[in-house]
Amino acid sequence: AAAALGPCWSWSLALGNRRVASARAVPKPRVPRRSSVEDVVGATADAHVQWLKDLGMDDSQAAKTMKKCPKLTSRSIANRLEPTVRWLKGLGLDGMQIARAVRHAPQILGNSIENHLAATVRWLKVLGL
């Protein structure tokens, strides 16, 4: 009976493991690398991908950004992402600088303006930067 289960199960049973449903004995399937925007974020995030492209990113940059920070899809564009971009523009950054910052640190869009971003800018000003 153990031979019918395959080599992993046979080996596990030979070592005395009587739990047939052992998760350790089952090899995990390999997940293929994802490269396109649709593969990385799925069809439900089309609006967020388009928003990143409107910000100044191409398809591959948007895919890498979403791969770095998949939580962006849970952020409201109107209530969270756009206000952060407007705030950054208010600091004097142009669209390309903001797109570059988002590509390198997409979590910036998820941070609270009042509790995190503004405090960080104040701290940098104190340092003279």
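The values are calculated or read from the model by the stated rules, or taken from the named source; none is laboratory data. From a predicted model like this one, the values you see are computed outputs, not experimental measurements. Because the Cβ atoms are built from the backbone with ideal geometry, glycine has one as well, and the counts that use them run over all protein chains shown. Remember, those area values only see protein heavy atoms, side chains included, never the ligands or the DNA or RNA. Shrake-Rupley method; radii C 1.70, N 1.55, O 1.52, S 1.80 Å.
Of note:
- All lysines inside 30 Å of Lys53 as judged from Cα atoms, apart from same-chain residues fewer than 8 positions distant: Lys64, Lys67, Lys68, Lys71, Lys89
- Positive minus negative residues near His104 (Lys, Arg vs Asp, Glu; Cβ under 11 Å): +4
- Three principal axis extents of the stretch 78-129 based on alpha-carbon atoms, in descending order, are 31, 22, 19 Å.
- Rolling a 1.4 Å probe over the protein heavy atoms leaves Val121 with an accessible area of roughly 30 Å².
- Our coupling estimate for the stretch 115-120, obtained by passing each phi through the Karplus curve with A = 6.51, B = -1.76, C = 1.60 and θ = phi - 60°, is 7, 10, 5, 5, 5, 5 Hz, Gly and Pro reported as x.
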